[in-house]
Amino acid sequence: MTILIILFGTLILFIGIIITIQPKVIVGFVRKRLGNLQLHIFAVVIRIVIGFLLITQSDVSRFPFIIEVIGWLSLIAAFTLAAIGRQSFHRLMTWAVSMAKHYGRIGGILAGAFSAFLIYAFI
């Protein structure tokens, strides 16, 4: 199970690098799919899976308490995204994409740092 967390961390690391170097690639990808129900479902499901994995595997990490807290935050985020409905999710994503022009590179750096921490915690 920890291998899935490490793979997720690696994927987020690559996405963070892409956002830092060329934010338009990821932002354009998301912008094209803003109206898709699949994006909303994916956002919820991936947070549930990652949250569950982090909570159940926290005891084998270097930072069990922090990893478990991140897992619970992921689950809270998943249930919040599910509860807000599709229109509010669309507005949230539209707002996030609009902010990416000014803060995308910072977000990419933060994503890279988070994923590096996640990978380190489970290696």
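Computing the accessible area with a 1.4 Å probe over protein heavy atoms, can you report the carbon and sulfur percentage for the chain? Looking at the chain in its full context, I get 75 percent from C and S.
Roughly what angle does helix 37-57 make with the longest principal axis of the chain, taking Cα atoms, 0 to 90 degrees, to the nearest 10? Its long axis makes an angle of about 10 degrees. In this structure, H90 and K24 have a Cβ-Cβ separation that, at R0 = 25 Å, corresponds to a calculated FRET efficiency of about 0.75. For region 59-68, backbone phi angles converted through the Karplus equation (6.51, -1.76, 1.60; θ = phi - 60°) give residue-by-residue couplings of 5, 9, 8, 6, 10, x, 5, 5, 5, 5 Hz, Gly and Pro being listed as x.
Mind ranking L13, L54 by accessible surface for me, highest first, 1.4 Å probe?
L13, L54
For the chain, the longest principal axis of the Cα atoms and the long axis of helix 2-21 meet at an angle of about 40 degrees. Computed from the Cβ-Cβ distance with R0 of 41 Å, the FRET efficiency linking F63 to H102 stands at 0.80. Label 7 Å along Cα→Cβ of I46; region 59-77 residues with amide nitrogen under 13 Å? Within reach of a label on I46: no residues.
Seen against the Cα atoms of the chain and their longest principal axis, helix 23-32 is set at about 70 degrees. Assign one of three labels to region 20-123, namely rounded, prolate or oblate, based on the Cα gyration tensor with a ≥ b ≥ c the square roots of its eigenvalues; rounded applies when a/c is under 1.5, prolate when it is not and a/b is larger than b/c, and oblate otherwise. Taking the square roots of the gyration eigenvalues as a ≥ b ≥ c, region 20-123 is oblate.
Let me know the shape class of region 2-69, please: from the alpha-carbon gyration tensor, a ≥ b ≥ c as square roots of the eigenvalues, rounded when a/c is under 1.5, otherwise prolate if a/b is greater than b/c, or oblate.
It is oblate, given that a/c is not under 1.5 and a/b is not larger than b/c.
The mean accessible area for residues of the chain, using a 1.4 Å probe and ignoring ligands and nucleic acids, is 64 Å² per residue. What is the local net charge at S98, summed over the other residues whose Cβ is closer than 12 Å to its Cβ (Lys, Arg +1; Asp, Glu -1)? So the surrounding residues net to +3.
The values are calculated or read from the model by the stated rules, or taken from the named source; none is laboratory data. Please read all numbers here as calculations on a predicted model, not as lab measurements. A quick note on method: Cβ atoms are made from the backbone with ideal geometry, for glycine too, and the neighbour counts reach across all protein chains shown. To get the accessible areas, we keep the full protein, side chains included, count just its heavy atoms, and leave off ligands, DNA and RNA. Shrake-Rupley method; radii C 1.70, N 1.55, O 1.52, S 1.80 Å.
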